[in-house]
Structure formats: structure tokens, C-alpha cells
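The values are calculated or read from the model by the stated rules, or taken from the named source; none is laboratory data. Small disclaimer: the values here were computed from a predicted structure and weren't measured. Note: ideal-geometry Cβ built from the backbone for every residue, glycine included; neighbour counts use all protein chains shown.
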Amino acid sequence: MPRRPQAADRRGTVPDLLFLLHDEVLRLEHASGLTTLAVTGRGPDEAAAAADLTARLAAWRERLTADPGRGHSGDRGSACADAGEPGAAGTACTDAPVDLSGLTTSCDEPAYRNCVDRCREHILQGDAFEICLTRQLSAATAVDPWELYTALRRLNPAPFAAFLRLDGVPGLGHVAVAGASPERFLRCTADGHLESRPIKGTRPRGATPAADAALRADLAAAAKDNAENTMIVDLVRSDLGRVARIGSVDVPELRVVESYATVHQLVSTVTARLKPGCDALDAVRACFPGGSMTGAPKLEAMAIIEELEPEPRGIYAGALGWLGWDGALDLSIVIRTFVCSEGRVSFGTGGAVTADSDAHAEYRESLDKARALVAALRAAAPRPGKDHA
């Protein structure tokens, strides 16, 4: 896909691309209780790498034997709340207003609604079919990034939760990323199976089981949300088609309602098989950035986004995950995610604009998606007498 040049004043403080080599990985599978250690030996030759591997494994055995409960205490490893019932994760699932006091925004309600109207003008003029409009919210706070992450995991359990403390990376300063994304951007197995699970279409959770069921049914039947999702599915199919075997692109699940702690979401699954000569990074190159965070057509939507959004998105709306030695890869879309940097916390929120969009409803959707993050920020905020050293 052709690259659009980015103006210098549109660049954020975090690099556009960051790879970290993890030569020691401790994996805890909470469902089974199984812990797996993967260690990579390093050295100038095979013998030195083997010796390094042996020493690392011995050190880990000593650590795990000395403290067999390491990594299993409290809330540090898992999000156990059941997101299937309203309020199960401890977040009030109501249509009450989201309290944004203490937060600054790149785009307040009047400005955001104006941007929605301008998106609709572009769409009605034929410039695009769908545009994913977002805004940034931020706060000056001394919150500890790990406490923020655990609060978010508790309030908004999600399959792609992630925590990165990037202190020590040259040029970054003190930066941490704490997120609870529900969305898979791209998965590639070692044998070339591809999967993307775009999310488009949102409703808040209801305060009662009856209200919750009504909101879920409303999302499933909503023409606008179904159209949003279908347009992005078509975009993802086209992106994967660039690197897929002919005839292998498939949509095994289309517009399925999935329920999370604070929202219902409309999710589809697109699969394919890599064609000979292509690998996981070729697939990333074909699909990035994720279509659910741009709109369609992708380049035209991105140009409109750059015109309307007053601040760069940074990590938000990008991708986060891992790439294995065997060529396998699994990346999430960076949504429901905090960036903590030099005493400030920020996150993005927004939604897809189509020809049928209502500006007030789009603004409300941006609040619904921010609800869990605002609640986590309040829960983790420093309190008098609490030690955050």
C-alpha cells in the first residue's frame, strides 16, 4: 500500500515502530494453570549460545524453586471477571453520563460533532464510505502504570490485555503502555494460516439483564452498525487478498455480537492462507493499519482523518503483539489502551462515521468506549496516604 508522508508536527513522542527482543519468556496459562518457560541462548557461536542457554535455565530453576508462587499472587496476572453478565467486572454498566472532569480532550463535544458532520460531507461527496473518527483524552497524574493496568484488567477484562514498561529504551524516557484490547488485528500461524477479527458496532451494557438483552438485540439488528461492520470486512478481505492463496479468503463468522464488561460489540472473523513466497510481515505490510481504525477506502479515509483529527494518534489505533522465531505472529488493535509518559496519561476513543451517522450518537459512542478507561483511571489514581514510590 502506498505510504502517505507524515508532517513533522503530526508525529507523536513515541516511535512509529518499536521491536523488543525478549530472550526469556515466562508464559502463565490461567485456564490450565500451566507455566511454560521459553529461553533463547545467545552468543557469538553455537557453543557459546548453548552455554548461555544452560546458565539461564539453571538460574530460572533456582528462582522458581525458591519462590514457587511467583507470578500467581493477587491481581497481577489475570482478569477473572466474567464479562458475560452486566456489571460482572465491577463497572457500572448503565447509560449514566461518563464523568470527564479532570481530563482534557483534543476534541470537545461541539468540535467532535462538527468533525462527524464534516466526515458525513466527505462521504456524501463520494470521498469515502466510512471514516473512523477518534479523539484523545488525557490527564496529568502520578498514577502508577502497573496499578492502572490492573485496574483496567479488573474493570474491563479483554483477550488482548497488555502491559509494557519501556523505561530504558533509548530516546523514550519513562513510557508505559497499559491496555485491554478486545480486537485481534492479525494472526499468522507458523504454517501460514491468517486470521483477522475486525470490530465495528457498539452498544453499552445495560444496568439490568433485561436492559442488557435489549441493547444486545438492538445492536444485532441495527442497519447502520451492520453496514459499518460489513464495509470493514470487505476491506480486510481485500487487504488479506494481497498475500493470500487464490480462493483461500473466507469469512467464517459475520457480524456476531460479543459482550464485554462495559460494551457489546459486533465482531466478524476473516481468514486466509499465505501464498508461497509471503510471510507474516508481508501480511502486516498488506493490512496495516487495521481497517477498523481507518475506514474505507483506507487511503482516502486516512487522508480525511489527518485533515480532521487535531492530534496524532500515536500508539492508539496501531498494533501490539508478538512475532515468534518460527514466523508466527499475533497482533491486537491498540484500543482501550493507556499511554503513560512523564506524568501524563492519555488514551484514544471514537467510532465509525457513515452517511447515516448522527453526530450526537457518535459522540455518545466515544463516551461509551471511554467508560472503562475513565473508571480505571479514577480507581488507580493516587490517594492521600497511599505510597506510590
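Out of Ser238, Ser292, Ser248, report the one residue that is surrounded by 16 or more Cβ atoms within 10 Å (Cβ to Cβ), out of contact with any Leu (no Cβ under 7 Å at 6 or more places or on another chain) and free of Cβ contacts under 8 Å to residues at least 12 places away in the same chain.
Details: Ser292 fails: free of Cβ contacts under 8 Å to residues at least 12 places away in the same chain; Ser248 fails: free of Cβ contacts under 8 Å to residues at least 12 places away in the same chain.
On inspection, the qualifying residue turns out to be Ser238.
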Single residue of region 14-45 satisfying the filter (aliphatic (A, V, I, L, M) and over 17 Å from Gly168 (Cα atoms)) that is surrounded by the fewest Cβ atoms within 10 Å (Cβ to Cβ): Ala31
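Look at Arg336 and say whether it is of a type in the set (D, E, K, R) and within 30 Å of Asp167 (Cβ to Cβ). Let's see the steps before the verdict.
Details: of a type in the set (D, E, K, R): yes; within 30 Å of Asp167 (Cβ to Cβ): yes.
In short, yes.
Hey, does region 88-99 have a residue that's over 21 Å from Thr202 (Cβ atoms), part of a loop (DSSP other than H, G, I, E, B), modelled with pLDDT of 65 or more and not β-branched (Val, Ile, Thr)? Can you show your working first?
Residues of region 88-99 over 21 Å from Thr202 (Cβ atoms): none.
Scanning region 88-99 turns up no residue that is over 21 Å from Thr202 (Cβ atoms), part of a loop (DSSP other than H, G, I, E, B), modelled with pLDDT of 65 or more and not β-branched (Val, Ile, Thr).
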Unmet requirement for Gly102, which otherwise passes all of (1) modelled with pLDDT of 95 or more; (2) under 22 Å from Gly350 (Cβ atoms); (3) assigned to a loop (DSSP other than H, G, I, E, B): (1)
Complete set of residues in region 172-219 that are in a loop (DSSP other than H, G, I, E, B) and either crowded, with 22+ Cβ neighbours inside 10 Å or in contact with a Leu (Cβ under 7 Å, 6 or more places away or on another chain) (or both): Leu172, Pro182, Glu183, Gly192, Arg197, Pro198, Arg205, Gly206
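Gly168: more than 27 Å from Thr271 (Cα to Cα) and out of contact with any Ser or Thr (no Cβ under 9 Å at 6 or more places or on another chain), yes or no? Spell out the reasoning first.
On the way: more than 27 Å from Thr271 (Cα to Cα): yes; out of contact with any Ser or Thr (no Cβ under 9 Å at 6 or more places or on another chain): yes.
So Gly168 fits the description; yes.
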Unique residue being part of a helix (DSSP H, G or I), acidic (Asp, Glu), outside the structural domain of Leu299 (by TED's automatic domain parsing) and at pLDDT below 90 when the list is Asp52, Asp9: Asp9
Verdict on Lys200 being in contact (Cβ under 8 Å) with a residue 12 or more places away in the chain and more than 21 Å from the chain's Cα centre (by Cα): no
